[in-house]
1. Tell me, how many Å apart are the Cα centres for segment 203-233 and for segment 83-114?
2. At a 1.4 Å probe radius, carbon and sulfur cover how many percent of the accessible area of the chain?
3. Stokes-Einstein at 20 °C, 1.002 mPa s, Kirkwood radius from Cα pairs: D for the chain in µm² s⁻¹?
4. In the structure displayed, which of 54/110; 7/54; 46/163; 42/86 lie more than 22 Å apart, Cα to Cα?
5. If eta is 1.306 mPa s and T is 10 °C, what Stokes-Einstein diffusion coefficient results for segment 26-126, Kirkwood Rh from Cα pairs, in µm²/s?
6. Relative contact order of segment 32-143, please, whole-number percent, based on alpha carbon pairs below 8 angstrom and at least 6 residues apart.
7. Which FRET efficiency value, to the nearest 0.05, is calculated for residue 71 and residue 158 with the Förster distance at 45 angstrom and r the Cβ-Cβ distance?
8. Students often forget the sequence filter, so: which aspartates and glutamates lie under 17 Å Cα-Cα from residue 39 once same-chain residues fewer than 8 apart are removed?
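The values are calculated or read from the model by the stated rules, or taken from the named source; none is laboratory data. All of these numbers come straight from a predicted model, not from anything done at the bench. In this analysis, Cβ positions are derived from the backbone assuming ideal geometry, glycine residues included, and neighbour counts consider all displayed protein chains. Surface areas here come from the heavy atoms of the whole protein model, side chains and all, with no ligands, DNA or RNA. Shrake-Rupley method; radii C 1.70, N 1.55, O 1.52, S 1.80 Å.
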Amino acid sequence: MNNEIIKIPNHVAIILDGNGRWATERGLKRNKGHEEGYKTLKRISKYILNRGTKYLSVFAFSTENFNRPQKEVDYLMNLFVEAFKKDSKFFIEENIKVVFSGRKEKLSEKLIKVMRDLEKDTANNTNGVLNICLNYGGRAEIVDAVNKIIDDKNGKISEEEFKKYLYNDLPDIDFLIRTSGEMRVSNFMLWQLSYAELYFPRCYFPDFLEEEYDKALEEYTKRDRRFGGLNNE
Ligand code: IPE
Ligand code: IPE
Ligand code: MG
């Protein structure tokens, strides 16, 4: 694809959905879908950031996902611990800075430690930020910000000031992709999504590879973003 005619969003967000269906349709256990989904996540993060996007936010586990069967929750938590430990090398080599968004409550000490280590080990990397949303809820983020503000200050607050109280310092999302054909936001980054372009490819997340992302960018390039005005040219 030719970068001269393709627009590159500054901040891309992905609701990575369909791991379970990807597996069951192949006669496999749902967990196999999560394992495959994680492989895709690594590969596509590298691709997206190498194409010039500066921020990539991914929804890995929602506050509501604790309502799933305990066995699936345990599998996912263990996958995160092992993956973040093993792949710190990968993120350093690829020069990707990893940050996490979400509540620490309900996460094991072991997981919190590997998350902190990964953030620390990649803190000075410069080829883009990968924001992994884990035990994340959009409403929870806003309420957590409000509670910090109550502790911090008196009086009124502007949108710009409010933003500083969110989990991470991130620009607005330009392009939201949700795989698997579901067309909803499921409590993801409510504040940051305000003016995002939305895109819902039918493929399940494990199949969301380079070619699918190229198609997504072609679609993004066609969108006319107005921000309430008449155009932004
Ligand atoms: C996304 O895939 C991964 C997580 C939510 C952790 P799902 O597990 O939601 O897959 P489906 O939607 O059941 O196919
Ligand atoms: C949203 O997917 C959460 C993540 C991708 C982590 P879900 O599969 O949990 O969402 P719903 O329940 O279908 O809305
Ligand atoms: Mg799902």
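1. Going from one Cα centre to the other spans 28 Å.
2. Working: 5960 of 12440 Å².
Ligands and nucleic acids excluded, carbon and sulfur give 48 percent.
3. Numbers: Rh = 18.6 Å.
D, rounded to a whole number, is 115 µm²/s.
4. In this structure, 54/110; 46/163 exceed 22 Å between Cα atoms.
5. My calculation gives 108 µm²/s for D.
6. Relative contact order for segment 32-143 comes out at 39 percent.
7. Numbers: r = 46 Å, r/R0 = 1.02.
Computed FRET efficiency for residue 71 and residue 158 comes out at 0.45.
8. 17, 82, 87, 93, 94, 207, 210, 211, 212
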